[in-house]
Amino acid sequence: MSARYATFAEFWPFYLREHSRPRTRALHYVGTSLVVAIAIFAIVTGRWWWLVGMPVAGYFFAWLAHFTVEKNRPATFTYPLWSLAADFRMWWLWLTGRLGPELERAGVKGE
């Protein structure tokens, strides 16, 4: 990752290219879904200590995907906040069925 990104708009296509394989994205969706579920559970039950599990759940599946499927360095090491925002954006676009065109614009072949 030699390029430096000045804006999230510049970073977003790079982020998608770093998640080019469907299995990589699927593992991210599992982790992000768990993060959301943990947050909801903690809020509903008042068991706030569950919030500690959010980064564990999210990063475990994301890093597993990068190191075993995509075989690249997670963007979160260089762009932690943009990577977090991009992960939730990718997850939401996937949930709403609107990720395909974003992947195409980023140059990711086939979904």
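The values are calculated or read from the model by the stated rules, or taken from the named source; none is laboratory data. Just so we're clear, the structure is a prediction, and the values are computed from it rather than from any experiment. Virtual Cβ from ideal backbone geometry, glycine too; neighbours counted across all protein chains shown. Just the protein is used for accessible areas: all its heavy atoms, side chains included, with ligands, DNA and RNA removed. Shrake-Rupley method; radii C 1.70, N 1.55, O 1.52, S 1.80 Å.
So the label point goes 7 Å from the Cα of residue 106 along Cα→C-beta, right? Which residues of segment 60-78 then have their backbone N under 11 Å from it?
75
Share of the chain's accessible area from carbon and sulfur, percent, 1.4 Å? Before the final figure, lay out each step's value.
On the way: 4490 of 6610 Å².
Carbon plus sulfur share of accessible area: 68 percent.
Using 1/(1 + (r/R0)^6) with R0 = 30 angstrom and r between the beta carbons of residue 59 and residue 17, what's the FRET efficiency to the nearest 0.05? Let's see the in-between values first.
Details: r = 20 Å, r/R0 = 0.67.
About 0.90, to the nearest 0.05.
Report, in order of residue number, the helices in the chain meeting two criteria: a C-alpha extent of 20 Å or more along the helix axis, and a mean Kyte-Doolittle hydropathy of at least 1.0; treat each whole DSSP H run as one helix. Walk me through the numbers before you get to the answer.
Numbers: long enough: 22-45 (34 Å, 1.23); 80-95 (22 Å, 0.59).
Taking the DSSP H segments of the chain (at least 20 Å long, mean hydropathy at least 1.0), we get 22-45.
Hey, in the GNM for the chain with a 10 angstrom Cα cutoff, which one of 86, 39, 62 fluctuates hardest?
39
Quickly estimate the mean residue ellipticity at 222 nm for the chain, helices only: each DSSP H run with n ≥ 4 gives -39500 (n - 2.57), and the total goes over all residues, rounded to 500. Working shown, then result.
Numbers: 5 runs with 69 residues, N = 111.
Taken over the chain, the calculation gives -20000 deg cm²/dmol.
Suppose all protein chains stay in the model; what accessible area per residue would a 1.4 Å probe give for the chain, in Å²?
On the way: 6610 Å² over 111 residues.
Accessible surface, normalised per residue, equals 60 Å².
Report residue 47's accessible area, 1.4 Å probe, all protein chains in place, as a number in Å² to the nearest 10.
120
For the chain, set up a Gaussian network in which alpha carbons nearer than 10 Å are linked by springs, and say which option among 36, 52, 69 fluctuates the most.
Per the Cα network of the chain with a 10 Å cutoff, 52 tops the list.
Students often get this wrong, so try it: which of [x] 14.0, 40; [y] 13.3, 38; [z] 14.3, 44 is Rg and Dmax of the Cα atoms in Å as calculated from the structure shown?
It is the one labelled [z].
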